[in-house]
Amino acid sequence: MSQLENKKILLGVCGGISAYKSAVLLRALQQAGAEVRVVMTSSAQAFVTPLTFQALCGHPVYTELLDPEQEAAMDHISLARWADMILVAPATANFIARVANGHASDLLSTLCLAATIPIALAPAMNQAMWNNPATQRNIDTITRYGYRLWGPDEGDQACGETGPGRMLEPETLLRRASDFLKPGPLRGVSVLMTAGGTQEPIDPVRFVGNRSSGKMGYALAEAMRDLGAEVTLVSGPVSLNPPSAIDICTVQTANEMRDAVMARVEECSIFIAVAAVADYRPASVAAEKIKKRSDSLNLELVRNPDILAEVAALADPPFTVGFAAETEQVEAFAEEKRRSKGVDMIAANQVGTSEGGFESDRNSLTLLWEGGRESLAMMEKSHLARQLSERILKRYQLERGVDE
Ligand code: PMT
């Protein structure tokens with residue numbers, strides 16, 4: 001069976017000379033088993049007619065946002081919900097700028113804004129336009145929003161110049177779509193995670209907190225999702241964009257995080273605790289803002305519940321992965337935590353240094369499990385998360401006797 005069998009793909013076509021190749025891509029996707037619907041921008045129609053795509057795909061092509069007839073057939077929100085993914089090929093500099101700025105000025109940009117499914121863009125433009133700092137800033141923005149970027153390729157361009165900006169060939173885009181949509185090894189497996197730091201109120205305006213940005217946890221949630229898992233993320237306050245196709249529950253305090261986790265833990269097969277949970281909270285929370293009436297102020301702190309230890313101690317616990325944030329004797333303290341909390345695997349990181357750990361975009365980890373260890377070098381948290389997700393998958397399969 002083809003990897004695209006029964007997959008639903010919304011093919012967006014923007015106005016560029018490579019729009020003619022999108023017709024070839026449409027045929028290739030269909031031949032691989034995908035069901036495809038086409039959305040064209042108005043400038044795309046200056047290069048290829050909607051009739052070409054309609055004849056190939058056997059369905060009307062969607063072109064208008066406010067056309068009562070098209071909306072009656074399938075309104076734009078239903079269209080965004082119908083698909084497994086949106087692939088925009090070619091994606092012009094103008095279209096990338098529109099989605100980077102959250103525009104809903106035509107049907108295709110509106111669909112992208114309304115979509116909760118993965119979106120891949122295959123850029124196609126002149127090399128100078130691609131290299132322009134404004135385009136690069138937009139690319140940076142949409143990548144952070146979770147858009148996948150397939151291409152561009154380098155080489156001769158239709159305008160006679162040479163450089164980056166060519167749309168990837170249809171067969172390459174077909175391969176990317178097949179790889180992307182193939183069922184992941186964790187398909188159907190429910191993963192519960194915590195991320196970010198907790199905030200423990202002192203009074204209505206102050207709290208005890210820590211430096212966790214949520215970057216490591218969010219990156220790992222996305223990596224687990226990309227392996228096919230159904231991910232629920234219980235997150236402390238962070239200023240990150242919510243990742244697509246991940247169920248997010250936001251909390252503030254350790255007690256709220258504990259309750260949110262315990263309410264969901266029975267359904268999950270894997271629990272991963274990345275959150276920097278405050279170990280202590282103020283014994284009482286002042287109803288009004290505390291005034292500075294004396295030279296010193298004593299705060300009495302009481303212990304918070306240890307969420308990871310509580311999950312690992314359940315009668316029928318999920319496969320549990322903890323993190324250990326240490327400033328010294330990283331491996332020794334992490335191993336002590338692994339044993340005392342009774343978790344299957346712990347990912348230890350050095351914190352309090354200039355690179356890695358809290359807030360940084362990069363990190364390195366030492367993974368420890370019963371009878372084994374592995375070091376993952378300093379790298380971008382997104383890459384590190386992918387490597388870690390594969391190690392978690394392997395240990396989960398080995399320890400739970402799950403077939404690969
Ligand atoms: O968010 P970033 O800025 O990207 O930074 C990432 C990170 C440094 C926060 C992350 O990589 C990390 O190390 N997370 C764990 C931080 C931590 O609180 O470690 P710990 O050694 O204090 O706790 C050990 C484990 O027990 C952790 O899995 C923690 O989630 C869990 N725990 C701790 C206390 C508590 N009350 N409940 C818990 O579940």
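The values are calculated or read from the model by the stated rules, or taken from the named source; none is laboratory data. These numbers were taken from a predicted model, which means no experiment stands behind them. All Cβ positions, even for glycine, are placed from backbone atoms using ideal geometry, and neighbour counts span all protein chains on display. These area figures cover heavy atoms from the full protein model, side chains too; ligands, DNA and RNA do not enter into them. Shrake-Rupley method; radii C 1.70, N 1.55, O 1.52, S 1.80 Å.
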Going by the conditions given, is Val24 assigned to a helix (DSSP H, G or I), in the same structural domain as Pro123 (by TED's automatic domain parsing), open to solvent by 10 Å² or more (accessible area, probe 1.4 Å) and at negative phi? yes
How do the pairs read when you match residues in region 210-236 that are assigned by TED's automatic domain parsing to the domain that holds Gln387 with residues anywhere that are open to solvent by 30 Å² or more (accessible area, probe 1.4 Å) and near the ligand (Cβ under 10 Å from one of its atoms), using Cβ under 6 Å and keeping only pairs 6 or more apart or on different chains? Arg211/Phe358; Arg211/Glu359; Ser212/Phe358; Ser213/Glu359; Gly214/Val238; Gly214/Leu240; Tyr218/Leu240
Just one of the numbered conditions (1) surrounded by fewer than 21 Cβ atoms within 10 Å (Cβ to Cβ); (2) away from the ligand (no atom under 15 Å from the Cβ) is not true of Ile246; which one? (1)
Considering each residue of region 27-72, count those that are under 24 Å from Pro152 (Cβ atoms), open to solvent by less than 80 Å² (accessible area, probe 1.4 Å) and outside any helix (DSSP H, G or I), and give that number. 9
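Can you tell me which residues in region 327-341 are more than 9 Å from the ligand (Cβ to nearest atom), in a helix (DSSP H, G or I) and free of Cβ contacts under 8 Å to residues at least 24 places away in the same chain? Walk me through how you get there before you give the answer.
Within region 327-341, the subset more than 9 Å from the ligand (Cβ to nearest atom) is 327-332, 335-336, 338-340.
Within this subset, residues satisfying the condition of being in a helix (DSSP H, G or I) are 330-332, 335-336, 338-340.
Ala332, Glu336, Arg339 - these are the residues of region 327-341 that are more than 9 Å from the ligand (Cβ to nearest atom), in a helix (DSSP H, G or I) and free of Cβ contacts under 8 Å to residues at least 24 places away in the same chain.
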For region 357-404, name all the residues that are β-branched (Val, Ile, Thr) and in a helix (DSSP H, G or I). Ile392
I need every pair where a residue in region 150-178 that is closer than 14 Å to Val88 by Cα has its Cβ under 6 Å from the Cβ of a residue that is of a type in the set (Val, Ile, Thr), sequence separation at least 6 or different chains. Pro170/Val24
Kindly establish whether Ala260 is farther than 23 Å from Arg362 by Cβ, part of a helix (DSSP H, G or I) and of a type outside the set (D, E, K, R). yes
In this structure, is Ile202 at pLDDT below 95, surrounded by 18 or more Cβ atoms within 10 Å (Cβ to Cβ) and under 30 Å from Ala278 (Cβ atoms)? no
Quick check on region 342-361: of everything there that is more than 8 Å from the ligand (Cβ to nearest atom) and surrounded by fewer than 17 Cβ atoms within 10 Å (Cβ to Cβ), which residue is nearest to the chain's Cα centre (by Cα)? Asp361
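Go through region 303-326 and count every residue that is within 11 Å of the ligand (Cβ to nearest atom) and either under 26 Å from Ala263 (Cβ atoms) or at pLDDT below 95 (or both).
The total comes to 16.
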